[in-house]
Amino acid sequence: APIVSVQNLTKTYGNGFQALKGVDLEIHEGEILALLGPNGAGKTTLISIICGIVNASAGQVLVGGHDVVRDFRQARSLIGLVPQELTTDMFETVWNTVSFSRGVYGKKPNPQVIEQVLRDLSLWSKKDNMLRELSGGMKRRVLIAKALAHEPKILFLDEPTAGVDVNLRREMWQVVEKLRANGVTIILTTHYIEEAEEIADRVGVINGGKLLLIEEKNALMRKL
Ligand code: ADP
Ligand code: ADP
């Protein structure tokens, strides 16, 4: 069974704008799926609904078999979401920021898990630093660490490399590969075709609120 199943999802915002127009999608356990599309395509809306933080107008999302609306807590505990923007207290330490995030999901404190997450993201030596003292790349890794602190099985990254330089983009790609090697299922949105080409197993192309096609990367790249 797919780890995430999306059926006939539509979203009309309060102003009447139809951001999703009937999206069906199955996400396989262990894959890296890139959702590729231009700005305004509906990518953020789609992942926000899958993660249960925006309500769909119609359709259904199952995460690990749990309905994301009806069984929000069970569904959400399986998901980590890395937002586009840094919305974190810059005067807090790395350790406290990531530990606190685990508590938000109602999980008991577990210093071993936090240590492992920080080591995986090469942040261990910075655990006592305040976020304001970190480089841009490290701050982005803290956002990922926050999303992993409750040990989710599925990680969503919204435009993880929008507006970053080439070196930082490569660094982010390596982080994603490493997390997948740890067994995490990864879905990322991007408007960079090279990014989908570099790290995805499958690519879904989104535009105008529709999933236009979804294919194994190699099959898709032969067509483009
Ligand atoms: P909903 O229909 O889901 O309740 P709303 O239309 O009420 O959503 O908008 C929710 C929030 O998103 C509001 O704060 C609104 O200002 C903001 N918003 C409105 N239009 C846009 C847009 N085009 N892009 C991003 N955010 C928007
Ligand atoms: P993407 O992530 O692909 O750039 P989004 O899902 O953010 O696309 O937005 C899809 C469309 O929905 C855009 O045209 C955006 O302006 C619009 N939109 C997003 N949020 C809102 C909102 N809260 N209210 C009204 N329109 C919105």
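For the stretch 7-22, a residue qualifies if it is within 16 Å of ligand 1 (Cβ to nearest atom) and under 22 Å from GLY65 (Cβ atoms), and exactly one does: LEU9.
The single condition among (1) out of contact with any Asp or Glu (no Cβ under 9 Å at 6 or more places or on another chain); (2) hydrophobic (A, V, I, L, M, F, W, C); (3) touching a residue at least 12 places away in the same chain (Cβ under 8 Å) that PHE17 does not meet is (3). Would you pick out the residues in the stretch 1-13 that are at pLDDT 95 or above and either of a type in the set (Phe, Trp, Tyr) or exposed (fewer than 14 other Cβ atoms within 10 Å of the Cβ) (or both)? Once the filter is applied, which keeps residues that are at pLDDT 95 or above and either of a type in the set (Phe, Trp, Tyr) or exposed (fewer than 14 other Cβ atoms within 10 Å of the Cβ) (or both), the stretch 1-13 yields ASN8, TYR13. Among the residues of the stretch 169-214, the ones that are in contact with a strand residue (DSSP E or B) (Cβ under 6 Å, 6 or more places away or on another chain), within 24 Å of GLY22 (Cα to Cα) and in a helix (DSSP H, G or I) come to 1 in all. Can you work out which of the residues in the stretch 54-95 that are in contact (Cβ under 8 Å) with a residue 24 or more places away in the chain and assigned to a helix (DSSP H, G or I) is surrounded by the most Cβ atoms within 10 Å (Cβ to Cβ)? Among those that are in contact (Cβ under 8 Å) with a residue 24 or more places away in the chain and assigned to a helix (DSSP H, G or I), it is VAL94. Screening the candidates GLU26, GLU85, GLU92 for the property of being touching a strand residue (DSSP E or B) at 6+ places or on another chain (Cβ under 8 Å) and farther than 18 Å from GLY209 by Cα yields one hit, GLU92.
Inside the stretch 24-53, residues that are in contact with a Leu (Cβ under 9 Å, 6 or more places away or on another chain), within 16 Å of ligand 1 (Cβ to nearest atom), in contact (Cβ under 8 Å) with a residue 24 or more places away in the chain and not in a loop (DSSP other than H, G, I, E, B) make up a count of 6. For the stretch 112-158, filtering for residues that are under 15 Å from the mean Cα position of the chain (by Cα), crowded, with 20+ Cβ neighbours inside 10 Å and assigned to a loop (DSSP other than H, G, I, E, B) leaves 2. From the list ILE3, ILE32, the one residue that fits, being in contact with a Ser or Thr (Cβ under 7 Å, 6 or more places away or on another chain) and closer than 18 Å to VAL203 by Cα, is ILE3. Restricting attention to the stretch 96-111, the residues being in a loop (DSSP other than H, G, I, E, B) and either surrounded by fewer than 14 Cβ atoms within 10 Å (Cβ to Cβ) or in contact with a Cys (Cβ under 9 Å, 6 or more places away or on another chain) (or both) number 3.
Do we find that LEU46 is within 20 Å of ASP201 (Cα to Cα), within 16 Å of ligand 2 (Cβ to nearest atom) and buried (at least 16 other Cβ atoms within 10 Å of the Cβ) in this structure? Yes: the conditions hold for LEU46. Tell me yes or no: at least one residue of the stretch 160-167 is in contact (Cβ under 8 Å) with a residue 40 or more places away in the chain and either among the β-branched types (Val, Ile, Thr) or within 16 Å of ligand 2 (Cβ to nearest atom) (or both). Yes, there is a match, as at least one residue in the stretch 160-167 is in contact (Cβ under 8 Å) with a residue 40 or more places away in the chain and either among the β-branched types (Val, Ile, Thr) or within 16 Å of ligand 2 (Cβ to nearest atom) (or both).
The values are calculated or read from the model by the stated rules, or taken from the named source; none is laboratory data. Just so you know, these numbers come straight off a predicted model, no measurement behind them. Cβ coordinates were reconstructed from backbone atoms using ideal geometry, including for glycine residues, and neighbour counts include every protein chain displayed.
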